[in-house]
Amino acid sequence: MPVRRLPSNPDLVHLKYQAKDLLKSHAARSPETAQRLREFHPRFKQAAADDAIFDAPLTLSDAHLTIARESGFPSWMRLKQHIEKPTLADRLDLSHHERIEDPIFRRAVDLLDAGDAAGLRSHLQEHPKLIYQRVVFEGGNYFRNPALIEFIAENPIRHGTLPGNILEVAKVILDAGVEPSALNETLGLVSTGSVVRECRQQVPLINVLCQYGADANSALKVSATLGEFEAAQALIACGARLDLPTAAALGRTDDAHRLLPGANSEERHLALSSACNFGHFEIVRFLLGAGEDPDRYNPVGGHSHATPLHLAALCGHEAVVRLLVERSARLDMKDILWHGTPADWARHAGKTEIESYLRAREREIHKDG
């Protein structure tokens, strides 16, 4: 789920109260709290069931760590330093390149942004260690420790555009030598970036990165989950293996049927989330028939702050909404960030018919209860 961005003047005392509230909601066995701990506390990342999280002890230090990571910081101490002794890198109101404190790295990013391939090549020859250097950004959901190559993706958005010769610029950096982890991270950013797509550079960059050794599989699932279907198809063309969540997102019903038996629990969970998000009725139907629970929050990486019914309602997929309700999906589940029900999400998106249907079912349930 997206991190909870700190306000412009964060209050450490208020954050401490949030940690205490987290302890209370854990003791009350709140499903929302289980989801937050599952995503943001490293000790609970592998916990599949809410009960396993509720039965585990939770200390105030655990709650502090969760609040810190939920805000985009690796530890409570780092969050505290961000509030009490901020540096240039802590200026969350600035674009990422403006927060770079190292002038040599900042110069490389400026040359990249200007499309100055020759200047960048000379700069890298003068400072060869730049290729392996990373900068630290905190307070965000991703792009926390990028290498230079990752800035070609314009994801997160910094300028809203790319230099016309971004492929040439990328090759300058790639020819200087890039670590495999940075290659794969860049591929993920390119495959999910709106600016590279709008500039019609997404597929060309995917192809170049894969030619230089990026693993096409590393970006396939996330690109499909986020609706970057052209990128997903390009990754498959580059050799990525189709999996169940990707098949579900792309609406490839026959492939989804074929892949279901070999899929693990996490893949099935993400497949249901994606099929609901993109309105693939038949895939939703057979996943529910295979035992997927519509009342679980979506998995990490798949709009984890909400449920499948939230997504279907928001996107206006009425047939999927009705199917989920007929299969007893809960109407009172609230999302974690804004605390809205699926009907609230439908109202927010202007899906009046779906909202009316959900409100009517809510009244029926209340009357019967």
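Observations on the model:
- Scoring Phe44 on the criteria (1) touching a Lys or Arg at 6+ places or on another chain (Cβ under 6 Å); (2) of a type outside the set (D, E, K, R); (3) in contact (Cβ under 8 Å) with a residue 24 or more places away in the chain leaves a single failure, condition (3).
- Failed item, numbered, when Pro7 is tested on (1) part of a helix (DSSP H, G or I); (2) at pLDDT below 95: (1)
- Hey, Arg99 touching a residue at least 40 places away in the same chain (Cβ under 8 Å) and either in contact with a Pro (Cβ under 7 Å, 6 or more places away or on another chain) or of a type in the set (D, E, K, R) (or both) or not: no
- Lys16 being out of contact with any Gly (no Cβ under 7 Å at 6 or more places or on another chain), surrounded by 13 or more Cβ atoms within 10 Å (Cβ to Cβ), closer than 24 Å to Pro146 by Cα and outside the structural domain of Pro156 (by TED's automatic domain parsing): no
Rundown of residues vs (1) in a helix (DSSP H, G or I); (2) more than 18 Å from the chain's Cα centre (by Cα); (3) within 19 Å of Arg330 (Cα to Cα), yes/no style:
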{"residue": "Ile236", "(1), (2), (3)": "yes, yes, no"}
{"residue": "Pro245", "(1), (2), (3)": "yes, no, no"}
{"residue": "Asp255", "(1), (2), (3)": "yes, yes, no"}
{"residue": "Glu267", "(1), (2), (3)": "yes, no, no"}
{"residue": "Asn277", "(1), (2), (3)": "yes, no, yes"}
{"residue": "Leu287", "(1), (2), (3)": "yes, yes, yes"}
{"residue": "Asp293", "(1), (2), (3)": "no, yes, yes"}
{"residue": "Val300", "(1), (2), (3)": "no, no, no"}
{"residue": "His303", "(1), (2), (3)": "no, no, yes"}
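- From the list Leu270, Leu242, Leu260, Leu220, the lone residue that is among the aliphatic types (A, V, I, L, M) and touching a residue at least 40 places away in the same chain (Cβ under 8 Å) is Leu270.
- Exactly one residue out of Ser273, Ser265 is among the hydroxyl-bearing types (Ser, Thr, Tyr), out of contact with any strand residue (DSSP E or B) (no Cβ under 6 Å at 6 or more places or on another chain), closer than 19 Å to Asp50 by Cβ and surrounded by fewer than 18 Cβ atoms within 10 Å (Cβ to Cβ), and it is Ser265.
- Note on segment 299-331: residues that are free of Cβ contacts under 8 Å to residues at least 60 places away in the same chain and at positive phi total 2.
- Subset of segment 39-85 [assigned to a loop (DSSP other than H, G, I, E, B) and either in contact with a strand residue (DSSP E or B) (Cβ under 7 Å, 6 or more places away or on another chain) or at pLDDT 90 or above (or both)]: His41, Ala56, Pro57, Leu58, Thr59, Ser71, Gly72, Phe73, Pro74, Ser75, Lys85
- Residues of segment 309-364 that are of a type in the set (Gly, Ala, Ser) and either more than 29 Å from Glu39 (Cα to Cα) or in a helix (DSSP H, G or I) (or both): Ala312, Ala313, Ala319, Ala343, Ala346, Gly350, Ser356, Ala360.
The values are calculated or read from the model by the stated rules, or taken from the named source; none is laboratory data. Fair warning: this is a prediction, and the values are worked out from it, not measured in the lab. Every residue, glycine among them, receives a Cβ derived from its backbone with ideal geometry; neighbour counts consider all protein chains shown.
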